[in-house]
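The values are calculated or read from the model by the stated rules, or taken from the named source; none is laboratory data. As the structure is a computational prediction, the values presented were derived from the model and not from experiment. Because the Cβ atoms are built from the backbone with ideal geometry, glycine has one as well, and the counts that use them run over all protein chains shown.
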Amino acid sequence: MLRSVVKGQMDGDKEPDAIAIDAGSDQDNYPHGFRLAIIVASLAASVFLCALDETIITTAIPRITDEFNSINDIGWYGSAYFMTCASFQLIYGKLFSFYSIKNVFLTAVAIFEIGSLICATAPTSTAFIIGRACAGLGSAGINAGFIIILASSLPLERRPIFVSSYSSMYGVAAVAAPLIGGAFTTKATWRWCFYLNLPFGVVTFLAVTLFFHLPRKTSTAASTTWREKVSQMDLLGTAVLVPGVVCLLVALQWGGTVYAWGDGRVIGVLTVFAVAVVGFIGIQMWKQDQGTIPPRIVRQRSVAFSTCYVFLAGGAVNVYEYYLPVWFQAIQGASALESGIHILVLTLGTVLFSFAAGFGVSRTGYYTPFMIIGAACLVAGSALTTTFRTTSPTGQWIGYQIPLAAGAGLGIQQAHTAAQTVLAADDVPTGAVVLIFAQIIGGTIWLSVAQNVLTSQLLQGLVGLVPDLDASAILAMGATGLRAAVGTEYLDAVEEAYNTALTNVFSCSVALAAGALVSSLGMEWRSIKKNSGLERTATEVVETR
């Protein structure tokens, strides 16, 4: 049926002053009960597969390099995935805006499945890298589709607790990856790490196909011809953005490891990235609403501060998820599996705090307090980890993970809720992918910064400390290899040097968390309950089916 909507005016950062006629019928247009449960479960499963695919690779890499004799390709096994995932993230925002949400999401799932199949059957290292790139391309659409489909399946006031399952799936994957990956690589073959994605992907594909139906379609989108849609895809901006992002990630891959940061090749790709950024911004200013990112969206106060928040807080959390296990392995001599168990407080705590925040936002209506508290907890937890010593007791490293988990779980997902609250429905897909893009790029950049801090500090602390130990070989040994390479007479000194380097890495997270806290203070105080009746008010007529 057709439902008339009284359209208001956009006043700066304010919501459209509109009142939906017969708004109560909105609730009936959303899926309920079993149908909703299947949709949410299938979406969560798809995100879990993406998260697992990102983390399980670290367990499989030793066996992959043994089979392909490809030690020099290790860096590309991860970066190929993130290059396509980051490069095409913003493009999916346009695709979800102008084409069927269901069809775009299903296409992304299919691409991810094809990439997984290529990885599982790869005869060479090159084929495996191609498969990783393909999987990353699909993952970009799955991550964005999760948020967008939930926004189309639930009223605003019910979304926060379901959106929290997004970060929860990453927490569960962080726990499951070493267990599943270790079992496959030792008991069967590393290829099963990727075959595993196929049946779950098929189930997700079928569930979304059968149970997800768009509850509404705007007359504006319905009347747009395919030629108009293509013209609004911002192909010029895409042609500038994709190579720019690729150059950034290549520079981060090379800098400080393959080549020195001052090497001409690193400087060259960074220069291309800088030129691409300037060109992309210019194109967006020129094309306005027809650009990949309409400037009015990122100028919206809450969207701007939310983007900064996830860029900084997401980077801080990524640093801990990567380097806390390194601390356990280097300082306490834990194995990879044991270090994964040691960070269960962080990973499972993040899951619990995410759901607690989602429930709290749904009850109170306000997400800003959770972002502020989350950032404050992240600052506190980060500061505490800088006090780690080689003799730190178990209670200390367990307890310090609790505020880190609170920081990771309480605030980051609420940034997505903020974007859905302050943006009109037609702009939600773009807002969602902007935040996801910022989180991915932030995590990648700050991990690279952390790696360079660790490298420089560790080399500075170890040079001349151990006789006949090649400084350039230190980093290649890894956390556990270094302990085995030095004699017992030097072990204490080496552990002290490693601990100092790692606590300096954690100091970087303190700065990132502090920046996130400042960003949270810039957020508007909006209630999802007050705005729930104003959903889908960017157009004058809404067609419900």
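Please give the helices (runs of 4 or more DSSP H) falling wholly within region 110-208 in which 1 or more residues are free of Cβ contacts under 8 Å to residues at least 24 places away in the same chain and in the same structural domain as Gln89 (by TED's automatic domain parsing).
So the answer is 125-153, 159-187.
Of the residues that make up region 456-471, is at least one modelled with pLDDT of 85 or more and closer than 19 Å to Ala511 by Cα?
No; the residues of region 456-471 include none that is modelled with pLDDT of 85 or more and closer than 19 Å to Ala511 by Cα.
So Ala108 clears everything in (1) more than 19 Å from Pro243 (Cβ to Cβ); (2) at pLDDT below 85; (3) surrounded by 21 or more Cβ atoms within 10 Å (Cβ to Cβ); (4) small (Gly, Ala, Ser) except one condition, right? Which one?
Going through the list (1) more than 19 Å from Pro243 (Cβ to Cβ); (2) at pLDDT below 85; (3) surrounded by 21 or more Cβ atoms within 10 Å (Cβ to Cβ); (4) small (Gly, Ala, Ser), Ala108 breaks only (2).
Return yes or no: is Ile436 modelled with pLDDT of 80 or more, surrounded by fewer than 22 Cβ atoms within 10 Å (Cβ to Cβ), closer than 17 Å to Ala144 by Cα and under 27 Å from the mean Cα position of the chain (by Cα)?
For Ile436, the condition - modelled with pLDDT of 80 or more, surrounded by fewer than 22 Cβ atoms within 10 Å (Cβ to Cβ), closer than 17 Å to Ala144 by Cα and under 27 Å from the mean Cα position of the chain (by Cα) - is not met.
May I ask you to say which residue of Phe82, Phe34, Phe48 is of a type outside the set (Val, Ile, Thr), surrounded by fewer than 19 Cβ atoms within 10 Å (Cβ to Cβ) and part of a helix (DSSP H, G or I)?
Working: Phe82 fails: surrounded by fewer than 19 Cβ atoms within 10 Å (Cβ to Cβ); Phe48 fails: surrounded by fewer than 19 Cβ atoms within 10 Å (Cβ to Cβ).
On inspection, the qualifying residue turns out to be Phe34.
Of all residues in region 337-346, how many are part of a helix (DSSP H, G or I) and surrounded by 22 or more Cβ atoms within 10 Å (Cβ to Cβ)?
So the answer is 2.
Scan region 348-367 for residues that are surrounded by 22 or more Cβ atoms within 10 Å (Cβ to Cβ) and among the polar types (S, T, N, Q) and report the count.
2
Go through (1) surrounded by fewer than 19 Cβ atoms within 10 Å (Cβ to Cβ); (2) within 18 Å of the chain's Cα centre (by Cα) for Ala127 and report which single condition fails.
Every condition holds for Ala127 apart from (2).
Here's a check for you: in region 75-92, which residue that is among the polar types (S, T, N, Q) and either at pLDDT 85 or above or in the same structural domain as Ala239 (by TED's automatic domain parsing) (or both) is farthest from the chain's Cα centre (by Cα)?
Thr84
Conditions tested, residue by residue: (1) under 30 Å from Val422 (Cβ atoms); (2) crowded, with 19+ Cβ neighbours inside 10 Å; (3) at pLDDT below 90; (4) not aliphatic (A, V, I, L, M).
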residue: Phe112; (1), (2), (3), (4): no, yes, no, yes
residue: Cys119; (1), (2), (3), (4): no, yes, no, yes
residue: Gly131; (1), (2), (3), (4): no, yes, no, yes
residue: Cys134; (1), (2), (3), (4): no, yes, no, yes
residue: Ala144; (1), (2), (3), (4): yes, yes, yes, no
residue: Ala151; (1), (2), (3), (4): yes, yes, yes, no
residue: Arg158; (1), (2), (3), (4): yes, no, yes, yes
residue: Leu179; (1), (2), (3), (4): no, no, yes, no
residue: Gly182; (1), (2), (3), (4): no, no, yes, yes
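Could you check, for region 322-336, whether at least one of its residues is part of a helix (DSSP H, G or I), in the same structural domain as Leu410 (by TED's automatic domain parsing), within 29 Å of Val303 (Cβ to Cβ) and within 20 Å of the chain's Cα centre (by Cα)?
yes
Just to be sure before I move on: is Val319 within 23 Å of the chain's Cα centre (by Cα), assigned to a helix (DSSP H, G or I), of a type outside the set (Phe, Trp, Tyr) and crowded, with 21+ Cβ neighbours inside 10 Å in the structure I sent?
Against the criterion (within 23 Å of the chain's Cα centre (by Cα), assigned to a helix (DSSP H, G or I), of a type outside the set (Phe, Trp, Tyr) and crowded, with 21+ Cβ neighbours inside 10 Å), Val319 qualifies.
Out of everything in region 258-310 that is within 19 Å of Ile441 (Cβ to Cβ) and among the hydroxyl-bearing types (Ser, Thr, Tyr), what residue ends up being surrounded by the fewest Cβ atoms within 10 Å (Cβ to Cβ)?
Within region 258-310, the match that is surrounded by the fewest Cβ atoms within 10 Å (Cβ to Cβ) is Thr271.
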